[in-house]
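The values are calculated or read from the model by the stated rules, or taken from the named source; none is laboratory data. Quantities reported herein were computed from a predicted structural model and do not represent experimental measurements. Note: ideal-geometry Cβ built from the backbone for every residue, glycine included; neighbour counts use all protein chains shown. Just the protein is used for accessible areas: all its heavy atoms, side chains included, with ligands, DNA and RNA removed. Shrake-Rupley method; radii C 1.70, N 1.55, O 1.52, S 1.80 Å.
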Amino acid sequence: AVGAGTDSPQQEIIDLLKDKGYSDKAIAGILGNIELETGGTFDYKQEEVGKGEGYGLFQFDPGGMLPYYNKYLEESGMEDSISSQIDFMDKVVKGDITYYNEKDEKEVPILGGGNVDKLQESFKKDDVAEIAKDFNTIFEKGKMETGYGKRDELAEKNYSLFF
């Protein structure tokens, strides 16, 4: 299949995820989610359309991941960019971004340890649509379908476009 233009955000996301060891199918599953979250712009500065306050490729929310992302930028000395948002997502799904859980009296992954394992297993699946659904359930926690489209169908479309 023909790749996106070399300077397109999609191609940059694909290259970054490949460098981090994601399979083509996992990348397509993530891309389907990004496409839905950004309404097809793939713009890392995308602000949520409507009432929400989501931001970026994954629509980080002030009540959810946005504070962790901002802290991550601050601590790593990085600027907000496609690369920074992908790096952050990668660290979250690998369980490297944590918070102190008072009940357990230790640092725990913000997704929860069990969810980190589930998502890592999902990334090995052979089914792009399943990966897209799992990524949404565990990471995005959004609707499967919006007026823009369905995450699983968008993932399959991205897979046929780019891989």
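Annotations
- Site pair Glu145 and Lys118 shows an inter-label distance of 2.2 nm when each label is modelled 7 Å from Cα along Cα→Cβ.
- Springs between Cα atoms under 10 Å define the GNM used for the chain, and in it the highest mean-square fluctuation of Asn136, Asn33, Asn70 occurs at Asn70.
- Charge sum, other residues only, whose C-beta stays under 12 Å from Lys94's C-beta, Lys/Arg counted +1 and Asp/Glu -1: -2
- Fraction of accessible area attributable to carbon and sulfur, the chain (%, probe 1.4 Å): 46 percent
- Dividing the Cα radius of gyration of the stretch 15-78 by its Kirkwood radius returns 1.01 for Rg/Rh.
- Given +1 at the Cβ of Lys and Arg, -1 at the Cβ of Asp and Glu and no other charges, the dipole of the chain around its Cα centre is 360 debye to the nearest 20.
- Anisotropy class of the stretch 53-163 from Cα gyration tensor, a/c 1.5 cut: prolate
- Within a Gaussian network of the chain (alpha carbon springs, distance under 10 Å), most fluctuating of Lys18, Lys150, Lys106: Lys106
- Within-14-Å neighbourhood charge of Ser122 [Cβ basis; K, R +1; D, E -1]: -1
- Farthest toward positive dipole pole in the stretch 18-83 [+1 Lys/Arg, -1 Asp/Glu at C-beta], among Gly63, Gly39, Gly52: Gly39
- Cβ-derived FRET efficiency at R0 41 Å, Gln11 paired with Thr98, nearest 0.05: 0.85
- Rolling a 1.4 Å probe over the heavy atoms of the protein chains gives the stretch 52-163 an accessible area of 53 Å² per residue.
- GluC sites (Glu not before Pro) restricted to DSSP loop in the stretch 59-120 with at most 10 other C-beta within 10 Å: Glu79, Glu102, Glu105
- Each stretch of four or more DSSP H residues adds -39500 (n - 2.57); spread over every residue of the chain, this sum gives -15000 deg cm²/dmol at 222 nm.
- Counting only whole DSSP H helices of the chain, there are none at least 18 Å long by C-alpha along their axis and with mean Kyte-Doolittle hydropathy no lower than 1.6.
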